[in-house]
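Trainee: The structure follows.
The values are calculated or read from the model by the stated rules, or taken from the named source; none is laboratory data. This one's a predicted model, so the numbers in the text were calculated from it and none came from an experiment. Cβ atoms come from the backbone with ideal geometry, glycine included; neighbour counts cover every protein chain shown.
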Amino acid sequence: MKKYLSSLVAGFGAGVLQVVPFLRSFSCCMIVPIAAFVSLLLNQRATNEKEKITTKRALMFGITTGLYAALFGTFFEIFITFITKHNDIIATFPELQRMVDGFPVTPEIKKEVLNLFQNVRNEILSTGFSVLYTFSVLVNNFIINTIFGAVGGLVGAQIINNRLNNRTN
Amino acid sequence: MSVPFRILLFAVLALWCAGIFIEWFVGIHENFLFALPFLQKSYSLVCHQEHSKLIFFEHGVTLTCARCTGIYSGMLFISFLALFGIVKKRPEIKFLFIAAAPMAADVILYSLNVYRYSKTAAFITGLLLGSAGFLYLYAGLKNLIAELKK
């Protein structure tokens, strides 16, 4: 646990940035990779290591950061939805209806898709919780954040190792 | 990196990029419509999806903004070149920062209202960073495979 404390800190930051309504507008594909890079830097500062980071270790830090970001992101998103009984599914539902109407598909498919999301919307409006929504947030957050964290770890290690190389030369 | 790994990397990136254009695929097969809201949620994790910054095409819009679409397209393009062994060695790290500079400049300049947001500029600057970024990801994966083989 202590070994990956820097991942916890960076992952928490990324998780918050992905969820909090105002901060979310700054969300971009760089958040989790940058968080993974930050976790490597923080760990290096904390341990005062001067040696090169192995790619395997950087990957672990990246994955852990992604997992923490997913954990906090999922928790905050589900918690905020539960408290407010409102989320992006509800906010964008009228837009989704318009969009689905515009697609060149059969009315049956349109109806099925809209029914599916109408059910999720109704569940959230009445109880603040939907199994399907929770499952989709959980799967999305864990897969995507882990991959992006791993990418950040792999690229971040090269930047840090290059800096160490320059210092020793 | 061995050919199967290169193919796998390209396939993953191609799948990711195809997801961005899911609305186009709905025109090909209507069942893709079921995946659309789910994918919108997935891509919302990695992009703000501001409507005015999305790329419009026949039957829909991209699920990521012009800049993010550029980044992923750049990665896909270089991963395609890597399939043929064109990508040999990783350039100096400063090249990554040089490639990121136009994107940073574009974000700062349009945020300061020096000029209006341009999807073309966002896409091209993203493409540049994505292309350069892939080289470091590729090198990282190569290092990882080498470490794991030891």
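Trainee: Is at least one residue of the stretch A:49-70 in contact with a Ser or Thr (Cβ under 8 Å, 6 or more places away or on another chain), farther than 23 Å from B:L137 by Cα, more than 10 Å from chain B (Cβ to nearest Cβ) and part of a helix (DSSP H, G or I)?
Mentor: Checking the stretch A:49-70: not a single residue is in contact with a Ser or Thr (Cβ under 8 Å, 6 or more places away or on another chain), farther than 23 Å from B:L137 by Cα, more than 10 Å from chain B (Cβ to nearest Cβ) and part of a helix (DSSP H, G or I).
Trainee: Residue under question is B:A132, and the condition is that it be in a helix (DSSP H, G or I), over 14 Å from the mean Cα position of the chain (by Cα) and either modelled with pLDDT under 95 or charged (D, E, K, R) (or both); does it hold?
Mentor: Details: in a helix (DSSP H, G or I): yes; over 14 Å from the mean Cα position of the chain (by Cα): no; either modelled with pLDDT under 95 or charged (D, E, K, R) (or both): yes.
So B:A132 fails the test.
Trainee: I would also like to ask the following. Is it the case that the stretch A:119-130 has a residue that's of a type in the set (D, E, K, R), part of a helix (DSSP H, G or I) and not assigned by TED's automatic domain parsing to the domain that holds A:A14?
Mentor: Yes, the stretch A:119-130 has at least one match.
Trainee: What number of residues in the stretch A:146-163 are under 17 Å from B:C47 (Cα atoms), in contact with a Leu (Cβ under 7 Å, 6 or more places away or on another chain) and facing chain B (nearest Cβ under 9 Å)?
Mentor: 1
Trainee: Give the stretch B:29-64 a look and list any residue that's outside any helix (DSSP H, G or I) and of a type in the set (G, A, S), or say none. Working first, answer last.
Mentor: First, the residues of the stretch B:29-64 that are outside any helix (DSSP H, G or I): B:29-31, B:45-50, B:54-64.
Listed by number, the list holds a single entry, B:G60.
Trainee: Does B:S131 count as within 14 Å of chain A (Cβ to nearest Cβ) and in contact (Cβ under 8 Å) with a residue 24 or more places away in the chain? Even if it seems obvious, please write down each step before you answer.
Mentor: Working: within 14 Å of chain A (Cβ to nearest Cβ): yes; in contact (Cβ under 8 Å) with a residue 24 or more places away in the chain: yes.
Taking the combined requirement at face value, the residue satisfies it.
Trainee: Turning to a different aspect of this structure: Which condition number does A:I144 fail, the rest of (1) closer than 22 Å to B:G60 by Cβ; (2) not small (G, A, S); (3) not assigned by TED's automatic domain parsing to the domain that holds A:L17 being met?
Mentor: Condition (3) is where A:I144 drops out.
Trainee: Would you confirm whether or not the stretch B:45-54 contains a residue that is crowded, with 17+ Cβ neighbours inside 10 Å, in contact (Cβ under 8 Å) with a residue 24 or more places away in the chain and either over 18 Å from B:M103 (Cα atoms) or more than 9 Å from chain A (Cβ to nearest Cβ) (or both)?
Mentor: yes
Trainee: Report yes if B:G74 is at pLDDT 95 or above, within 13 Å of chain A (Cβ to nearest Cβ), in contact with a helix residue (DSSP H, G or I) (Cβ under 7 Å, 6 or more places away or on another chain) and closer than 30 Å to B:S2 by Cβ, otherwise no. Let's see the steps before the verdict.
Mentor: Numbers: at pLDDT 95 or above: yes; within 13 Å of chain A (Cβ to nearest Cβ): yes; in contact with a helix residue (DSSP H, G or I) (Cβ under 7 Å, 6 or more places away or on another chain): yes; closer than 30 Å to B:S2 by Cβ: yes.
Yes.
Trainee: I'm told A:T64 meets every condition in (1) free of Cβ contacts under 8 Å to residues at least 40 places away in the same chain; (2) outside the structural domain of A:R121 (by TED's automatic domain parsing) except one. Can you identify the failing condition by its number?
Mentor: Condition (1) is where A:T64 drops out.
Trainee: Can you name every residue in the stretch A:115-138 that is free of Cβ contacts under 8 Å to residues at least 24 places away in the same chain and within 11 Å of another protein chain (Cβ to nearest Cβ)?
Mentor: Once the filter is applied, which keeps residues that are free of Cβ contacts under 8 Å to residues at least 24 places away in the same chain and within 11 Å of another protein chain (Cβ to nearest Cβ), the stretch A:115-138 yields A:L116, A:L132, A:F135, A:S136.
Trainee: Give the residue that is surrounded by the most Cβ atoms within 10 Å (Cβ to Cβ), with candidates limited to residues of the stretch B:92-129 that are outside any helix (DSSP H, G or I) and aliphatic (A, V, I, L, M).
Mentor: Within the stretch B:92-129, the match that is surrounded by the most Cβ atoms within 10 Å (Cβ to Cβ) is B:V114.
Trainee: Same structure, new question: Please specify each residue of the stretch B:57-91 satisfying the condition of being out of contact with any Ser or Thr (no Cβ under 6 Å at 6 or more places or on another chain) and either under 11 Å from B:A132 (Cβ atoms) or among the polar types (S, T, N, Q) (or both).
Mentor: Applying the first criterion (out of contact with any Ser or Thr (no Cβ under 6 Å at 6 or more places or on another chain)) to the stretch B:57-91 yields B:57-61, B:63-68, B:70-73, B:75-77, B:79-91.
B:T64, B:I71, B:S73, B:M75, B:S79, B:R90, B:P91, listed by residue number.
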